[in-house]
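The next block holds one structure in the form of structure tokens; read it before the comments.
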Amino acid sequence: MADNVIEIKGLKKSFGENHVLDGFDLNVPRGNNVVVLGKSGSGKSVLIKCIVRLLEPDEGSITVLGENVLEMDHDELDRMRVRIGFLFQNSALYDSMTVRENLEFPMRRHWFDITKEDADQRVNEALENVGLLYAADMMPADLSGGMRKRIGLARTLILRPEIVLYDEPTTGLDPITGREIVELIMDLQQKYNTSSVIISHDMQVARMTANSVVVLADGKNHAQGTFDQLKASTDTQVKQFYEGVT
Amino acid sequence: MFWRANVFTFGSNMSKNSAWKEIFDEVGGISYFTARFFREGLRPRYEWQELLRQCYIIGYKSLPLVGITAAIMGMVLTVQSRPTLEEFGAESWLPSMVAISVVREIGPVITALICAGKIGSSIGAELGSMKVTEQIDAMEVSGTNPFKYLVVTRVLAATLMLPVLVVLADGLALYSSYIGVNLKDVVSFKLYTNQVFDSLEYSDFLPAFVKSYFFGFAIGIVGCYKGFNSKKGTEGVGHSANSAVVVASLAIFIIDLIAVQFTDLLGLN
């Protein structure tokens, strides 16, 4: 049996009469990148928010790193969340803090005995990783979209998570910057040996990063396979993504 | 016509019911939020650095506005009261009257209302914008407790800083009242302060000081509640800021009313 870092079974989540997830299943093997494709409003972001319990699912089970996330109390959940990184669509940088403070913020709350030298060294390393050491003292409002994404990525990885959840990592970026972000994600994944779930509707992201692609449609895992397997699929909903056919 | 009257009555009952439901929802929500404040606030670890930063923002940065308002308030009260007191030949009571009015009621309430506008709206807008830009979610998923970091510190800072602002506002109002008195008379500062302190007792100062803690708490908790529960979008942020001011102002008057009844019961009036 494969060593899965995430196992989701029969996940259901509704908002009123809108059944966003309706029995969704997913396994993420260790070290793999799973890209979840789906139309806007299909429940992709809801899925990863359920994994870290930003949203409470209605039914189903979510096991992360061998532990049932839905049965955890608040403290256990916080400990688990340190092992899961989450890159938000709009980076969600704390806009009252400088870039350096943004990166120090999670460290100071989990590694209480970290010295100033160690913290500075980690922040500098994280900023070097994303090529933005010079931006350490800038405010988020002074950064471009691509820079914000890079800083968001640096902040996500600073606690060395074992799993990273990416919510639309290239949305709102031009194709060149989007490609740079994807390459950065791949480099850092290899460097820190993380597993990831990447939510996207960008086929370039899927092609470049995916070990496995999942098509989320009608709240279910509609199709799953490698990028090339799904490319050869005759299924209408899968073809919509690959060929833009409606 | 009968059916029409019944339909209108039914419609009006429906809207009354939904208004009541909204009020009860709001009261229930704020009560639950307050209970959570005490639960999270008592649990270590404490965010001392952020608390100090919030005390600086809420206390120090509100000083100019509170100070100017207090000075104008003291001056206006003095100048406007003088003709009436003169009619009764009681202008020598002016310092005492202003002191008791300012210390017991006007100082704390006006300062609290000014702070509800400045601090309440600022907290509501800041947390509301953090909510809609997913910054609060980002804290949550990094395993940090955003309630402890954002809410507990702001509510505590507002609770601790408001009495300080009230004392400073009282002082400034009385000083500007001294200037107001000297616009038409010549009264030495020593005589003026003697009259002020002779007229004041602990029972004037203490209840006013204690209730200003409650005012600060109400401003902080309402601002945080509105911001933390902001709906999506910029319109939601504006609504959070606006309703934080409205609800906090209303809460200040209700607390004031309760405080008056309470001090009356204790025989402090």
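The values are calculated or read from the model by the stated rules, or taken from the named source; none is laboratory data. Because the structure is predicted, anything quoted here is derived from the model rather than measured. So basically every Cβ, Gly included, is an ideal-geometry build from the backbone, and we count neighbours across all protein chains shown. Heads up: the accessible areas ignore ligands, DNA and RNA and are worked out on the full protein's heavy atoms, side chains in. Shrake-Rupley method; radii C 1.70, N 1.55, O 1.52, S 1.80 Å.
Of the residues that make up the range A:170-178, is at least one open to solvent by 70 Å² or more (accessible area, probe 1.4 Å), over 28 Å from A:E76 (Cβ atoms), assigned to a helix (DSSP H, G or I) and more than 14 Å from chain B (Cβ to nearest Cβ)? Yes, the range A:170-178 contains a residue that is open to solvent by 70 Å² or more (accessible area, probe 1.4 Å), over 28 Å from A:E76 (Cβ atoms), assigned to a helix (DSSP H, G or I) and more than 14 Å from chain B (Cβ to nearest Cβ). In the range A:1-99, counting only strands (runs of 3 or more DSSP E) that sit wholly within it, the ones holding 3 or more residues that are of a type in the set (V, I, T) span A:4-15, A:33-37, A:59-64. Within the range A:169-185, residues that are over 14 Å from A:I198 (Cα atoms) reach partners that are open to solvent by 70 Å² or more (accessible area, probe 1.4 Å) with beta carbons closer than 8 Å, at six or more positions or on different chains, in the pairs A:G172/A:N90. When the criteria are applied in full, A:R108 fails the requirement of being open to solvent by 30 Å² or more (accessible area, probe 1.4 Å), within 11 Å of another protein chain (Cβ to nearest Cβ) and under 19 Å from A:E168 (Cα atoms).
Among the residues of the range A:124-143, are any farther than 20 Å from A:I199 by Cα, within 12 Å of chain B (Cβ to nearest Cβ), touching a Phe, Trp or Tyr at 6+ places or on another chain (Cβ under 9 Å) and open to solvent by less than 20 Å² (accessible area, probe 1.4 Å)? Write out each step before concluding.
Step one: filter the range A:124-143 for residues farther than 20 Å from A:I199 by Cα, giving A:124-143.
Checking which are within 12 Å of chain B (Cβ to nearest Cβ) leaves us with A:140-141.
Restricting the remaining residues to those that are touching a Phe, Trp or Tyr at 6+ places or on another chain (Cβ under 9 Å) gives A:140.
Imposing the further condition that a residue be open to solvent by less than 20 Å² (accessible area, probe 1.4 Å) reduces the set to A:140.
Within the range A:124-143, one or more residues are farther than 20 Å from A:I199 by Cα, within 12 Å of chain B (Cβ to nearest Cβ), touching a Phe, Trp or Tyr at 6+ places or on another chain (Cβ under 9 Å) and open to solvent by less than 20 Å² (accessible area, probe 1.4 Å).
Going by the conditions given, is B:T153 under 21 Å from the mean Cα position of the chain (by Cα), at pLDDT 95 or above and within 14 Å of another protein chain (Cβ to nearest Cβ)? Yes, satisfied. Scanning the range A:207-246 for residues that are small (G, A, S) and closer than 23 Å to A:L11 by Cα yields A:A210, A:S212, A:A217, A:G219, A:A223, A:G225.
Report yes if some residue within the range B:245-266 is open to solvent by 40 Å² or more (accessible area, probe 1.4 Å) and not in a helix (DSSP H, G or I); otherwise report no. The answer is yes; a qualifying residue exists. So which of B:A116, B:A90, B:A138 is without any contact (Cβ under 8 Å) to a residue 12 or more places away in the chain, open to solvent by less than 10 Å² (accessible area, probe 1.4 Å) and not charged (D, E, K, R)? Of B:A116, B:A90, B:A138, the one residue that is without any contact (Cβ under 8 Å) to a residue 12 or more places away in the chain, open to solvent by less than 10 Å² (accessible area, probe 1.4 Å) and not charged (D, E, K, R) is B:A138. Limited to the range A:54-76, what total is found for residues that are within 13 Å of chain B (Cβ to nearest Cβ) and crowded, with 19+ Cβ neighbours inside 10 Å? The qualifying residues number 2.
Take the residues in the range A:80-95 that are without any contact (Cβ under 8 Å) to a residue 60 or more places away in the chain and either more than 7 Å from every other protein chain (Cβ to nearest Cβ) or not basic (K, R) (or both), then tell me which one is farthest from B:P146 (Cα to Cα). Filtering the range A:80-95 for residues that are without any contact (Cβ under 8 Å) to a residue 60 or more places away in the chain and either more than 7 Å from every other protein chain (Cβ to nearest Cβ) or not basic (K, R) (or both), the one farthest from B:P146 (Cα to Cα) comes out as A:M80.
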